[in-house]
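Worksheet: the structure to be examined is printed underneath.
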Amino acid sequence: MLLCNNLSSFVASVVLFFVFAGTPVFAQVSVPIDIEMAPFHYTQTSADNRVSRLVEAMKAKEVHLKYTEERGYLGSLVEALEISESSQVLVFSKTSMQVNHISRRNPRAIYFNDDTYVGWVNGSSLAEISTHDPKLGTAFYTVDMMPWRAKIVRADYDCLGCHATSMTQGVPGHTVRSVMPSFDGTVNAQSESFITSDSSPISQRWGGWYVTGLHGEMRHMGNAILRGSRLDTADNGNRMNLRDEFDTTNYLSPYSDIVALMILEHQTQVHNAFTKADFFIRQIQHDASELDSTPEREAEMNAQLGMIAKEVVDRLLFVGEASLTDEVRGSVVFRESFIGRGPKDSKGRCLRNLDLRERMFEYPCSYLIYSSAFDALTPCLREEILRQIHDVLTSEHPSKHYSHLTTETRSDILEILLETKLNLPASWR
């Protein structure tokens, strides 16, 4: 599940093998990544992200988190991290390091913005944070919520055991997992589960999560538990509240919003795609620095760069997105908070504008193109991604791969980006 999961041990040297499949040439490309070796040095690299800056501000007494008996520092923490309370989603499956505290009557809450995620369990003295970091990919933290202090410390191996695996595209990252939970929230490791994204069928999503909101005749796995060997989804959909499930009084919101869940699935996989691509390019550049440059090597590196960038482009442009067959309606508060973060062009158009009738967004180009995570990508990778996106948006005859983008939609996205995305290459103009 999102943030730190339970694992008994984790070795100091994590080796990841990245394979980028596409043309036959690159179907066999495999690059080993040891995140404790150059150029990464994961645990030895100083963090520079939203959370590390909060820690420094707290040390300098510029920020003071407020404690309450009901929620510890949670309310003050999400405010300091600029996270909306309406982003709350709730997971009741026992798939976290705080497994002993989680149940259907006491689900784990997750709050998030464009780069940072906070996990909190009612009654626990520990909260968890993960956030994008330009060098680390994702950095992990724990918050000791004792009344006399709010101590935020970086956590590496406890989290990397599950958050640098195939579930996170092989990099320090995030995952939204859909499982088959029992009545008490436990999960049989042998039962079917899914890592979900915007391309996942709705029918495979949100097992082990609470889901509030309307979705018509579409069926999902949320709000349901196993009855015998089968997940009971007879009456699990179109829930407007969770009053019959547990007492929501202590939570920052009474909802586990369906739209927030959909945004979370999209966002986590895009963040992982950014990190995977950036780590691969950094490794290639490091390895190449120890070799003599030749025209052949440069041509190979440029071809690899194109393949790596394309995987990110496809994520950003929602290639393979699962179609919606009914309208989805969630919390108005979350919707307004999410869309309100903009930016908008002179016609009032925004990449955050939601569709939720046939697809997630009105303009299928991810708002994460504005994010600090995107801007922090290795320059050659960022430029190649933007070059490919521009080619898709301006081509008179785009490939069938991007057939979900009509001529009008591509024109709209291009106009929006030209007005709202800073530091575009000169070729875009």
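The values are calculated or read from the model by the stated rules, or taken from the named source; none is laboratory data. Note that this is a predicted model, so its numbers are computed, not measured. Glycine also receives a Cβ, built like all others from the backbone with ideal geometry; neighbour counts cover every protein chain displayed. Just the protein is used for accessible areas: all its heavy atoms, side chains included, with ligands, DNA and RNA removed. Shrake-Rupley method; radii C 1.70, N 1.55, O 1.52, S 1.80 Å.
Here the chain yields Rg over Rh of 0.96, to two decimals, using C-alpha coordinates and the Kirkwood radius. Annotation: amide H-H contacts under 5 Å for Lys151 (H modelled 1.01 Å from N, sequence separation of 5 or more, or interchain): Asp144, Met146. Scanning residues 5 or more positions from Gly208 or on other chains, those with amide H under 5 Å from its amide H are Val179, Asn223, Ala224, with H placed 1.01 Å from N in the peptide plane. Annotation: aspartates and glutamates with alpha-carbon distance below 18 angstrom to Lys66 (same-chain offsets under eight excluded): Glu56, Glu79, Glu82, Glu85, Glu128, Asp144.
Split the accessible area of the chain by element, probe 1.4 Å, and carbon with sulfur accounts for 49%. Please work out the Cα center distance from the stretch 39-117 to the stretch 327-366, rounded to the nearest Å. Centre-to-centre (Cα) distance: 25 Å. Listed peptides 149-155, 360-366, 399-405 appear in the order 360-366, 149-155, 399-405 once ranked by packing, highest mean of other Cβ atoms within 10 Å at the front.
Within the same chain, lysines fewer than 8 places from Lys276 are excluded, and of the rest, those with a Cα less than 19 Å from its Cα are Lys135, Lys310.
Here the chain is assigned +1 on the Cβ of each Lys and Arg and -1 on the Cβ of each Asp and Glu. Its dipole about the Cα centre then comes out at about 860 debye. Averaged over residues, the count of other Cβ atoms within 10 Å places the peptides 111-122, 293-304, 331-342, 176-187 in the sequence 111-122, 176-187, 331-342, 293-304, highest first. With K and R counted +1 and D and E -1, the other residues having a Cβ less than 14 Å from that of Asn302 yield a net charge of -2.
Determine which lysines satisfy two conditions relative to Lys59: a Cα distance under 22 Å, and not lying fewer than 8 residues away in the same chain. Of all the lysines, those that pass the test against Lys59 - Cα under 22 Å, at least 8 places apart if same chain - are Lys151. Report note on the peptides 416-425, 123-132: ranked by the mean count of other C-beta atoms within 10 Å, highest first, their order is 123-132, 416-425. At a probe radius of 1.4 angstrom, the accessible area of the chain per residue rounds to 44 square angstrom. Computed from Cα atoms, the angle from the helix 258-288 axis to the main principal axis of the chain rounds to 40 degrees.
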